[in-house]
Structures are given as structure tokens and as C-alpha cells.
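Since the structure comes first, as C-alpha cells, the remarks are kept for the end.
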Amino acid sequence: MAYETIIVETRDAVGLIRLDRPKALNALSRQLIADLNHALDGFEADDAIGAIVLTGSDKAFAAGADITEMQRLSYVDIFMHDFVAEWERLSRVRKPVIAAVAGFALGGGCELALMCDLVFAADTAKFGQPEITLGLIPGSGGTQRLTRAVGKAKAMDMVLTGRLIDAAEAERIGLVSRVVPAAELVETAVAAAAKIAGLSRPAVLMAKEAVSRSFETPLSDGIRTERRLFHSLFATEDAHEGMAAFLEKRPPAFQNR
Ligand code: HXC
């Protein structure tokens, strides 16, 4: 399907979404979020897809919410339409999502990356929550997911001063999983997504659910969730196949059941 603000393709079992508003550094307009959500719904429903990569351009993953659109909105507009609620679709995707970030990931762009399960950064990447410089604050989880990812000291620094951090600092503080040369970014992310897509789908979804749960619960509840999910994987053929394949020194043939 052709979209106005994104480019969608598949690479075998990987769904690839490129944000594509080059003139506005991929600023996240209402249309872009609607397009993104539609593409995510499609990949979620498609059994042939096992993992998703979300990327932008060399210059920008996304420079934030579209300031031209936001500047026109009144409080009543933004409240009545529950602005930003639709951005949360990404955080509810069950399949793993890798953000492949080159250039700017600012404001809502940084927040979108934080909703992904893995963040791979090009060495050109710059992350920041500069909303404070506009007289705003992060509105799509930046004060919450960022703080859980990097801790109070760095989150306060980014949120209160609007300072941008480079890829090396982002990796050091735990905001990104891997830093790679810019020219290899998308191919590295697609390769990791392909690796995940080739594993047992029930195990992958439960692994994601278990780790994600740790952000929502006390430790004892999280451990209990993990144990229940771990136990339940013994009801899958894939787990028995995976263990048998190891013992028989052969590659596993997962059937996603
Ligand atoms: C609308 C934007 C934009 C944005 C860039 N552009 N960011 N338009 N919304 N967020 C537009 C510029 O107006 C310009 O359009 C074109 O993209 C190129 O940008 P330049 O500024 O000329 O590029 P450069 O000098 O390279 O600077 C890059 C930059 C800067 C540092 C990323 O563009 C910038 O500071 N952008 C805003 C970043 C920001 O404040 N993000 C947070 C937004 S608030 P023209 O037409 O002039 O060529 C937010 C809240 C989220 O995200 C809360 C949840 C919804």
C-alpha cells in the first residue's frame, strides 16, 4: 500500500517502515502517525512477518511532533481529541520492533524510539527531548520511559536543559542497544530482525511480554509472570523441537506453534 508519509516494504519475514517527510525532517504529523499505525496494524496481522524495523532518513529518524501543526492547537482542541493517545499504538505492538536511528531523534522522535524494543543507532544519531525550549514538556512518554531507561540523572539533564546527546553517550547511558556505522544501520537492524523472525514466534512474543512487564510491576509479580510464561512454553512444539535440535546437534525447525 502507498502512504503519504511513510514507505513500507517487507524483507522476507521483516516488515520495514521508513518515516518519509524529508522536507520537515520526518516531523510527526497527524497523517504520519495515522500512516504509521495503519502499517503497524498490517504487520501485526500478517503471519508472515516476525519482526519490524522502524527507521527514518540519514538526516533524521524524526525531529519530533510537527510544531507547525501543534502551534495552531488550543488546549480544548488538544484535550478533546486526546492528542498523543494515538501515538501509543507502537507501544502495544506484540511483535518485536527495532528502531534504527540515524540523525535526529528529538522530542516525539526520541519517544517513538523509546517505545521500540531495541534501538540501534548510527554513529550520526542525536537524541534529545528539547520540548522545554518550546515551553512544553515531553508528551509521549519521554519523562517516563526515558527515566526508566537511563535513570534520573540523565533524564533530568535531557528533559530540563533540552541538551542533545550523541550516539556514544546514548549507548553509555542505556538508551540504545548498539551503535553501528551509518552506512550499515538499516542492514544491521534488518539482520537482527530477521534473526528474531526466524526463532519460535510464541517464545519471542512471550520474551518481549516478560521483559516489557518488568516496567509495570513489582519484582515479585514480574518474576511470577516470567515463570508462568516460561512454564507455558513447554506446551509449544517449538520448545521441545529447540531442545531436541540442540541435543541432536542440528538446527531447529520451528513451526511457530
Ligand atoms: C515541524 C520541523 C520540525 C518539527 C524540523 N522542521 N523539525 N517542522 N516540526 N519538529 C522543519 C524546519 O522548520 C525546516 O523547515 C526543515 O524541517 C529543516 O529544519 P532546519 O531547522 O532548517 O534544519 P537544521 O538547521 O538542520 O536543524 C535541525 C534540527 C531543528 C536541530 C532538528 O530542525 C530543530 O530543532 N527542530 C525542532 C526539534 C524539536 O524541538 N523537537 C521537539 C518537538 S515537540 P523549512 O520549511 O524552514 O525548510 C515534540 C513534542 C512531543 O516532539 C510530544 C508528544 C506529541
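Laboratory data are not the source of any read-out in this text; all were calculated from the coordinates shown. Remember, predicted model here, so these are calculated numbers, not experimental data. Cβ atoms come from the backbone with ideal geometry, glycine included; neighbour counts cover every protein chain shown.
Miscellaneous remarks
- Considering segment 142-186, the residues that are closer than 24 Å to ARG213 by Cα, of a type in the set (A, V, I, L, M, F, W, C) and surrounded by 20 or more Cβ atoms within 10 Å (Cβ to Cβ) include one that is nearest to the ligand (Cβ to nearest atom), namely LEU146.
- Segment 106-126 - residue that is in a loop (DSSP other than H, G, I, E, B) and hydrophobic (A, V, I, L, M, F, W, C) and, of those, nearest to the ligand (Cβ to nearest atom): ALA125
- Pair list, Cβ < 9 Å and 6+ apart or interchain, from segment 232-254 residues that are touching a residue at least 24 places away in the same chain (Cβ under 8 Å) and closer than 13 Å to PRO202 by Cβ to residues that are basic (Lys, Arg) and loosely packed, with under 14 Cβ neighbours inside 10 Å: THR236/ARG257; ASP238/ARG257
- Among the residues of this structure, LYS23 does not count as one that is of a type in the set (Lys, Arg) and in a loop (DSSP other than H, G, I, E, B).
- When VAL76, VAL93, VAL8, VAL101 are screened for being under 14 Å from the mean Cα position of the chain (by Cα), away from the ligand (no atom under 14 Å from the Cβ) and not hydroxyl-bearing (Ser, Thr, Tyr), only VAL93 passes.
- Taking the listed residues LEU185, LEU205, the one that is within 25 Å of ASP12 (Cβ to Cβ), assigned to a helix (DSSP H, G or I) and in contact with a Ser or Thr (Cβ under 9 Å, 6 or more places away or on another chain) is LEU185, with no other qualifying.
- In segment 27-38, residue nearest to the ligand (Cβ to nearest atom) [restricted to those that are in a helix (DSSP H, G or I) and surrounded by 20 or more Cβ atoms within 10 Å (Cβ to Cβ)]: ILE33
- Breaking point among (1) in a loop (DSSP other than H, G, I, E, B); (2) under 21 Å from ALA62 (Cα atoms); (3) not small (Gly, Ala, Ser), for LYS249: (2)
- Within segment 87-110, the set of residues being among the charged types (D, E, K, R) and either more than 25 Å from GLY50 (Cβ to Cβ) or in contact (Cβ under 8 Å) with a residue 60 or more places away in the chain (or both) comprises ARG94, LYS95.
- When restricted to residues that are of a type in the set (Ser, Thr, Tyr) and in a loop (DSSP other than H, G, I, E, B), segment 1-20 contains 2.
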